[in-house]
Structure formats: C-alpha cells, structure tokens
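Presented below is the structure to which this report refers.
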Amino acid sequence: MELKDYINIFKQQVKVFGIVVAIGVLGAVAWQKNQPENYQATLLLNIGRRGVQNTQQYQYDGFYRLQADERFADTVVRWFGSPRVVEDIYTAAELGLKNSAARNLKNIFSAKRLSSQMLEITYTNPDVRALAKISQSAVQVLNRYAASLNQENTQQSWFIIIGSDPVIRDARVPLPLSVAVAFALSVFAGFWIAILTHYLQDKKT
C-alpha cells in the first residue's frame, strides 16, 4: 500500500481513531486524579568522625582516612538493604511493619553513595509526618550500629553519621506527564485499530 492509501483509510476511520485517543487521554486523567496520596523523601547523610587522631606520623594528606570513610559509607548503604536495620528504623519511628515480608523490607530504602563521605537515601510514605520521623530514627539507629562496631572504644576518632532534614515532594505521577504518555500510546494504538477496522469492513463487503 502507498502512503495515499493509508491517508484515505485514516480519513475514513478518523472517528475510530479519535475515539481511541479520547478514551486513552481521559483514562490517563482519571487514573492520575485517583492515584493514592504518596510522598517521597530524599535524605542526605554525611560520614564524619567523633574526634581527631593525634599522631606524629605522616597521614598521606588524609588519603587513608578518606578511603576508610568510603568503605564505611558502603557499609551504611548495605545496612539500608538489611531487613533487620529497616525494621529497627521503623520501630524507632513508632511505625509498624508487621505485614511486610523480609523481601519487601529490602526495597523500602534506596541508598547510594554520592562521594566518599556522602550518601543519598530515598524512601516513600503516604504520611508526610512519618517521613520526618523515619529520617530522625534512621540517623539514630545507624549511629547505634556504628557504635556497636567500636564497643571497646579502641578508636577515638570513630565514625559518626550526620543527617539533615529530608527534602519531601509529591511522589505521584504528574498530570502533564500522564497525559503526554497516554496521548502518544493512544495515537499509536488508534492508528492500528483504524487499519484493523478498515480491513474487517472490507472483508465483510
């Protein structure tokens, strides 16, 4: 078939095409308006030290200290993937996780290391106040775990985790994006449905 044949088919089936696109766009609007309320928090954590180690030896411009910070930051990232740590954080925040499976607990937090001493943690919750509580309890629990690795206080300049107030935003899909994606998919679907409708009508005649 040539291009003009497709154009003629489209002209004949423009009503079908329009109905498909309209249904797709209106469906996207209805879906976006009925999304459950959900918010995402982004928490910035920094790895610091409780004190300064006094030594007369050359410190190689702090190279080994930064390397140790990087390894400890990787450990903190792994903690956020541990069901035990996640449950402790929610318990400290006085939030329940009784019905959550261990596999789901691993995915509650998304943690990544931005630099040797900086971590970014993201998590969601339908309650804005709960997001702030989780942020505070996370810092407390992580520092408790960090202290447990230095129980005999052999290292005076041991690690400390410093947290800031989380940045909170609406985690729902915005209306413009929903409509744009639905429109693009509806145009594609509408084109082929129009072709199929024309084919079935020709077959009947």
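The values are calculated or read from the model by the stated rules, or taken from the named source; none is laboratory data. None of the values given here were measured: they were computed from a predicted structure. For neighbour counting, all protein chains shown are included, and Cβ atoms are generated from backbone atoms with ideal geometry for every residue, glycine included. All accessible areas refer to the heavy atoms of the entire protein, side chains included, with ligands and DNA or RNA removed. Shrake-Rupley method; radii C 1.70, N 1.55, O 1.52, S 1.80 Å.
For region 67-100, trypsin sites (Lys or Arg not before Pro) are listed when DSSP marks them as loop and at most 12 other Cβ atoms sit within 10 Å of their Cβ; the list is Lys98.
Given R0 = 30 Å, the distance between the Cβ atoms of Gln136 and Leu66 translates into a calculated FRET efficiency of 0.60. As a calculated quantity, the FRET efficiency between Glu120 and Thr75 at R0 = 22 Å, using C-beta atoms, amounts to about 0.90. Take region 107-205 with all the other protein chains still there, run a 1.4 Å probe, and you get 64 Å² of accessible area per residue. The Cβ shell under 15 Å around Trp31 holds other residues with a net charge of +1, Lys and Arg each +1, Asp and Glu each -1.
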